[in-house]
Ligand SMILES: Cc1cc2nc3c(=O)[nH]c(=O)nc-3n(C[C@H](O)[C@H](O)[C@H](O)COP(=O)(O)O)c2cc1C
């Protein structure tokens, strides 16, 4: 079904004139998987995606782990819309990270991203994610070994925060990653302590964006085209990563691109979003076991309701449905009412 919808979409929406800005679709564990990447990149506006993190702890992982989190490896490392998907690794052992990066490269990943931002306690306890912000030397060593392990034409990028407890070591962290040879750095403009709470401290990026020898991608609290434009002014960054905002507003990247070109095009309406829910549900029925197939839809509705109040009402009426057929029927029943209201 997603296939048929893709063919219907105006292909112009997936292409965009080469502005001197880029938009990256964020990694979001358990939320932005290959089905969601397909949907959002088909709507368009993204230059790149990053997978959910592949956790590297003690072994060289088998290829099935990489394929599970990044099925796009089977199609040239790109979404069906043609957007490259970088594979994200999370771990603290430079040698193991490097050897797993080689597996990802051999499987066809177009780029490797290193996760130094995950705040989850379980992940941090096993010395992965944001905890490496406390030890810039180790963070730099992971970057350097991964960089040395894969071919020079494979970009190695990193995703960091401003720091762990505070932002005092931010410049040292950036220097370690840059000296380690990463070619781009995404900064979620908060410390680990600040978690996901607003505000994002975009202004903290301005100095490094001016000084760094590589692109700095700003991330955090980008919910609307005007947020992205304001963030650009304050952070001096040209490139941006969209995360929760991309789920609340599926056309966000496209709308940002239009805003950069001075166009004020109408936002997607609920009547336009609703058919995407049906497509999304049916695609998940192929991607997941039947008993899990409704979960991604419910999860997405929780994000969508921030922008579309109708999604909140829909969530309340379907939240107890577990069976795919029942959910599909529930959406089918609601669809005609929507077109009557439009
Ligand atoms: C549910 C969830 C899962 C996430 N998973 C990842 C992940 O796997 N890797 C990563 O680097 N960041 C992950 N992040 C962080 C996001 O990529 C992003 O940095 C963060 O949400 C800030 O951007 P936003 O304010 O636009 O949402 C996750 C965030 C959320 C909310």
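Computed from the coordinates by the stated procedures, all read-outs in this text should not be read as laboratory data. Predicted model only: the values in this text are computed from it and were never measured. With ideal geometry, Cβ positions are generated from the backbone for all residues, glycine too; neighbour counts draw on all protein chains shown.
GNM on the chain, alpha-carbon springs under 10 angstrom: the most fluctuating residue among 24, 146, 56 is 56.
Listed by Cβ neighbour count within 10 Å, with the fewest neighbours leading, 329, 139 appear as 329, 139.
Using a simple spin-label model with pseudo-atoms 7 Å out from Cα toward Cβ, residue 326 and residue 183 lie 5.0 nm apart.
In plain terms, the residue of 52, 326 with the fewest other Cβ atoms within 10 Å comes first and the most crowded comes last, giving 326, 52. Annotation for the stretch 206-248 versus the stretch 49-104: alpha-carbon center distance of 25 Å. Result for the chain in a Gaussian network model with C-alpha springs under 10 Å: among 77, 220, 262, the largest mean-square fluctuation is at 262. Computed over the chain, the range of Cα coordinates on each principal axis works out to 60, 45, 35 Å, biggest value leading. Full extension of the chain between residue 263 and residue 60 yields a length gain of 68.3 nm, computed as 0.36 nm times the residue separation minus the alpha carbon distance. Computed extension length for residue 270-residue 126: 47.6 nm, one decimal, from 0.36 nm per residue of separation with the Cα-Cα distance subtracted.
Starting from the Cα-Cα distance between residue 67 and residue 286, subtract it from 0.36 nm times their residue separation and give me the gain in nm to one decimal.
77.3 nm
If R0 is 25 Å, the Cβ-Cβ spacing of residue 171 and residue 226 corresponds to a FRET efficiency of close to 0.30. Between the helical axis of 309-318 and the dominant principal axis of the chain, each derived from Cα atoms, what acute angle in degrees is found, rounded to the nearest 10? That works out to roughly 80 degrees. In the stretch 270-341, Cα pairs under 8 Å separated by at least six residues give a relative contact order of 35 percent.
In terms of the mean number of neighbouring beta-carbon atoms within 10 Å, the peptides 311-318, 225-232, 157-164, 100-107 order highest first as 157-164, 100-107, 225-232, 311-318. Return the single residue from 198, 250, 27 with maximal mean-square fluctuation; model: Gaussian network over the chain, springs between Cα atoms under 10 Å. Of 198, 250, 27, the Gaussian network model singles out 198 as fluctuating most.
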